[in-house]
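Please treat every number below as a calculation from the coordinates, not as lab data. As the structure is a prediction and not an experimental result, all values here were calculated from the model. Glycine gets a Cβ as well: all are built from the backbone with ideal geometry, and neighbour counts include every protein chain shown.
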Amino acid sequence: MKFLFKSTVLLLPLAFIAMFYILLTEEDAYPGTDYKTFDVPKFQLENLENTKLIDNDEIKGSFILNVWASWCITCRVEHPFLMNLKNQGIKIIGLNYKDERSDAIQWLDKYGNPYEITVHDLKGSLALDLGVTGAPETFLVSNGKVVAHYQGEVNDAIWSNVFLPIIKEKGMF
Amino acid sequence: MIIEISHFLSILATGLFLLVGLISFIATDTKYIANLISRTFSHGFLLLLISFVIYIWLAITDNFSVQYIANHSNTELPVFYKISSIWSAHEGSMFLWIIFIGLWGFIFNINIKNDEVLKPKSIGVISLILVGFLLFLLLTSNPFEIILPIAPLNGADINPVLQDPALAIHPPTLYLGYVGFVIPFACAISFLINGNPDVRWEKLVQKWSVLAWVFLTIGITLGSWWAYYELGWGGYWFWDPVENVALMPWLAATAFLHSLSVSIKSSHLRVWTILLSISVFSLSLFGAFIVRSGIIDSVHSFANDPDRGLYLLMFIGIILIISLSLFILRFSMIRPIGNIKRFSKESFISINNIFFGSLIFSVMLGVTYPLVYEYLFDQKISVGAPFYNAIFIPIVLIASLFLFFSVDSKWSRNLNFNFFRSPIIVSIILSIASVILLIYFFQTNNLTFLISVYVGLLIIFRYCIEIFNSFYFKKFINPFSAIAHLALGLLLLSISFNSLLSTERALSIRLDSIEEYKDLKIYFKDIKVVKNSNHDSIKALFFIENSRGNIVELSPEKRRYRTRGQITTETAIHISPLRDIYITIGDQLDNGNWVVNVQLNYFIRWIWFSGCLMAMAGIVLIFSKRKV
């Protein structure tokens, strides 16, 4: 009984300290990562080429939704990696964010188009519903549900640490 | 150049404190060593104080070559706020925190004679704690950083919500309370090291602990008042994580004072008293950790840095390991002789310790649970008022009932408990009568309200009878206990009335029109844009007429501060003893109407008054000549 009391007195506070140590050092290795799951918001927007309306039914299955703009420097940095993904056979949907249509088309012509479909979100309405704060941002979508979200440039490290574990877990692509 | 002197003095002081700490633990206790420790500590503190005074002077003279001052002060500020800007952010407030630890140590040092057997090691413990914090300041949050080669011409301004007299005083008061418990902690450690159970460390620390408790009580009350009128939240307590980490040391300190009053007289509850003295101090440090590590998002959170959090956590860990190991080693020495008599004051106070312990534990749970939950499930949840109400209301009410019956108990004597003693009967009858009147008057059947009021009245009547007896029959009364518990009764009453009666409504009002709310007629007279020295504001003017035909003018504002672009809401409050009329303006609607939030807060002043009354009780104890 006495032993129990003594050990509780010593161990309980230390357990608290240890817990806070774990909480504090559990640094997001990749800040900007969010694994919250939610439905892709309802939307209806023109495609970039202005040839048809895109809504939720147009984009089905598993894909990557990449928010980009021609004015965004980091998107330019990120671009080769996306081309790379496309060549691996990964479906990428572009969300052109608050951008002039002509600028965006020119940009894709110049550097290459990694996107199967590009949605033109001039007012950023879909982006707002998705919780986009800027460009570039990337969402992993599985059957109409966002399962991962990353703010900032996607590169090899981010791809294999933030997205690949989820992709493997869910058996996507 | 001058800042380097200040910086250097701080480093020098750190060295001296380290020396004091080492001497006190290594050297054998002789009169010479005791004098040496005492004198060196005082010198260390004086160096530190000079360093701080220089720092204040630099802030007053707008020396923006100091990074911290450049970031938090401004030439436009009145001198008062130039000084208070020092504790408006992390580095400077940490500096103040350290100064206060030093100040407590210094005053303790010059008040206690050197032949007091516990003194040298107590001063040693305080010095080592100072070293710990000074290293934290110098290594992770240096307020002495300078901007080279060219200093900015003007500073970045203090956060506008902090440009307020209450807030200039609130943090220092709270800090004084927090760190004041370094004295009982240091003495407890010194006592444990000393190992002689006949040494009465409890006597040594009582008044110091009460004084620290007074500061903590006033600090929390001031914070509550500030949040009410400045943040526009319109209530007195929000169970915000940072409020909670201030509440935990207070609860622990209150339990500690109760427990101390027993241990001072006998060997009972010594285990409790020592454990509580360790808890109060570590909970104070824990509060600092929570606020400064940025582990919790809150209105109070300082610019955060995980390194700081880690340092503080390790510091708390070391303090806990050392003090608790000492406690366990000396456990057999502090165990009580004999049992506590049933229904004696001691027994009531040990029950009280258990109540307070469970309150502290539940607040701790409320603070940590969301963090653990987020870690495990990656979802944010918040633990708010419903959780705390569910725990606090029953525990506080039951504890207060125990308090009511404890008034008749005697020290180390069985209480011949007689339910039919007149003070008990009279208070019960008076309370029941008042509650019946209340039911009739307010037409309420809210059970929580009625029970809380009943319990509050029981305490108030019981202590009033006691005070009456002490005047007319010269019956002994402990004034500290009587006033503090009267304040508790008053607090229960005012919180109950506040939650029963207070109402709030968001009105949409057109300019030059009248809206009615409850018994008030609210006339929206005017709204205009005003330019001030450091902010623009939208200022509205309302005439409010109550049922008795009294008209008051209220003009709430919304301000936009130019330097930081921050928008603040300035509430307008009409204060009367019974209720506050509390108005804030929101946004303009598309149809031209303005959203105006009107709150009627009943008895809210009484809540703060109760807090002050409690603090008053502490002051009474400190100045009372008689031993209590």
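Computed from backbone phi with θ = phi - 60° and the Karplus coefficients 6.51, -1.76 and 1.60, the 3J(HN,Hα) list for the stretch A:79-88 is 3, x, 5, 5, 4, 4, 4, 4, 5, 7 Hz; x is used for glycine and proline. Legend: calculated FRET efficiency, B:Lys207 to A:Leu14, from the Cβ-Cβ distance at R0 = 35 Å, rounded to 0.05, equals 0.60.
Using the Kirkwood radius built from alpha carbon pairs, what does the Stokes-Einstein equation give as D for the stretch A:41-120 at 10 °C and 1.306 mPa s, in µm² per second? D, rounded to a whole number, is 124 µm²/s. Would you mind classifying the stretch B:532-607 by shape? Square roots of the alpha carbon gyration tensor eigenvalues, ordered a ≥ b ≥ c; an a/c under 1.5 is rounded, otherwise it is prolate if a/b is larger than b/c and oblate if not. Cα axes put the stretch B:532-607 in the prolate bin. Per-residue Cβ neighbour counts within 10 Å put B:Cys187, A:Cys75, B:Cys464 in the sequence B:Cys464, A:Cys75, B:Cys187, beginning with the fewest. By definition, a body whose alpha carbon gyration tensor gives a ≥ b ≥ c is oblate when a/c is 1.5 or more and a/b is not larger than b/c, and the stretch B:496-625 fits this oblate description.
Looking at the stretch A:84-139, the trypsin sites (Lys or Arg not before Pro) that sit in a DSSP loop and have at most 14 other Cβ atoms within 10 Å of their own Cβ are A:Lys123.
Give, rounded to the nearest 20 debye, the magnitude of the charge dipole that the protein assembly as shown has about its Cα centre when Lys and Arg contribute +1 at Cβ and Asp and Glu contribute -1 at Cβ.
The calculated dipole for the protein assembly as shown is roughly 4340 debye.
Between B:Asp164 and any residue 5 or more places off or on another chain, the built amide H atoms are never under 5 Å apart.
Express the C-alpha Rg of the stretch B:164-342 as a ratio against the empirical globular expectation 2.2 N^0.38 Å, rounded to two decimals.
1.12
Across the stretch B:1-162, Cα-Cα distances exceeding 29 Å account for 26% of all pairs. Seen against the Cα atoms of chain A and their longest principal axis, helix A:101-111 is set at about 80 degrees.
The phi torsions of the stretch B:50-58, fed into the Karplus equation with coefficients 6.51, -1.76 and 1.60 and a -60° offset, translate into couplings of 4, 4, 5, 4, 4, 4, 4, 4, 4 Hz, rounded to whole numbers, with Gly and Pro shown as x. For the stretch B:15-83, the spread of Cα coordinates along the three principal axes comes to 55, 18, 14 Å, biggest extent given first.
An ellipsoid equivalent to the stretch B:425-579, defined through the eigenvalues of its Cα gyration tensor, has semi-axes of 44, 22, 13 Å when rounded to whole angstrom and sorted largest first. Overall, the stretch B:503-605 carries a charge dipole of about 380 debye about its Cα centre when +1 sits on the Cβ of Lys and Arg and -1 on the Cβ of Asp and Glu, all other atoms neutral. For the pair B:Ile354 and A:Gln44, label points projected 7 Å from Cα toward Cβ lie 6.7 nm apart. Hey, if you drop one equal point scatterer on each alpha-carbon of the stretch B:85-140 and run the Debye formula without solvent, what base-10 log of I(q)/I(0) do you get at q = 0.15, 0.19, 0.24, 0.25 Å⁻¹? Treating every Cα as an identical point scatterer, log10 I(q)/I(0) equals -0.49, -0.68, -0.90, -0.94. Derived scalar couplings between HN and Hα for the stretch B:545-557 equal 10, 9, 5, 8, x, 7, 10, 10, 9, 9, 10, x, 9 Hz in order, rounded to whole Hz, by the Karplus curve 6.51 cos²θ - 1.76 cosθ + 1.60 (θ = phi - 60°), x for Gly and Pro.
Footprinting exposure proxy ranking of B:Leu500, B:Leu437, B:Leu204, fewest other C-beta atoms within 10 angstrom first, gives B:Leu437, B:Leu500, B:Leu204.
Please name which of B:Ala506, A:Met172, B:His535 has its Cα lying farthest along the dipole of the protein assembly as shown towards the positive end, using unit charges on Cβ (Lys, Arg +1; Asp, Glu -1) and the Cα centre as origin. Positive-end residue among those listed: B:Ala506.
Put simply, the C-alpha atoms of the protein assembly as shown give a gyration tensor, and the ellipsoid matching it has half-axes of 52, 37, 29 Å, longest first. Note on the stretch A:157-173 and the stretch B:313-345: Cα centroid distance 52 Å, given to the nearest whole angstrom. Annotation: lysines with alpha-carbon distance below 29 angstrom to A:Lys98 (same-chain offsets under eight excluded): A:Lys36, A:Lys42, A:Lys52, A:Lys60, A:Lys86, A:Lys110, A:Lys123, A:Lys145. Ignoring lysines fewer than eight residues from B:Lys119 along the same chain, the ones with Cα atoms less than 26 angstrom from its Cα are B:Lys31, B:Lys203, B:Lys207, B:Lys265, B:Lys625, B:Lys627.
The modelled label-to-label distance for the pair B:Ser576/B:Lys113, using points 7 Å beyond Cα in the direction of Cβ, is 5.9 nm. Pair-distance distribution of the stretch B:158-221: all C-alpha pairs, bin width 5 Å, starting at 0; shares per bin in whole percent are 4, 18, 20, 15, 13, 10, 7, 5, 4, 2, 1.
How much net charge surrounds B:Ala151 when only the other residues with a Cβ under 13 Å from the Cβ of B:Ala151 are counted, with Lys and Arg +1 and Asp and Glu -1?
So the environment of B:Ala151 carries a net charge of -2.
Compute the normalised compactness of chain B: alpha-carbon radius of gyration over 2.2 N^0.38 Å, N being the residue count.
Taking N as the residue count of chain B, the ratio is 1.04.
Charge dipole of the stretch A:30-170 (Cα centre as origin; +1 on each Lys and Arg Cβ, -1 on each Asp and Glu Cβ, all else neutral): 260 debye, rounded to the nearest 20. In this structure the amide hydrogen of B:Lys410, modeled in the peptide plane, comes within under 5 Å of the amide hydrogens of B:Lys345, none closer than 5 places in sequence on its chain. Normalised by 2.2 N^0.38 Å, where N is the number of residues, the C-alpha radius of gyration of the stretch B:144-253 stands at 1.48. Inverting the pair-averaged 1/r between distinct Cα atoms of chain A gives 17.9 Å as its Kirkwood hydrodynamic radius. Taking other Cβ atoms within 10 Å as a rough exposure proxy, B:Glu4, B:Glu243 sort from fewest to most as B:Glu4, B:Glu243. The simple spin-label model puts a point 7 Å past each Cα toward its Cβ; for B:Leu46 and A:Ser102 those points are separated by 7.9 nm. Projecting the Cα atoms of B:Leu47, B:Ser259, B:Leu275 onto the charge dipole of the protein assembly as shown (Cβ charges, centred on the Cα centre) puts B:Ser259 farthest toward the positive pole.
Each of B:Phe480, B:Phe468, A:Gly94 was placed along the dipole of the protein assembly as shown (beta-carbon charges, centred on the mean Cα), and the one lying farthest toward the positive end is B:Phe468.
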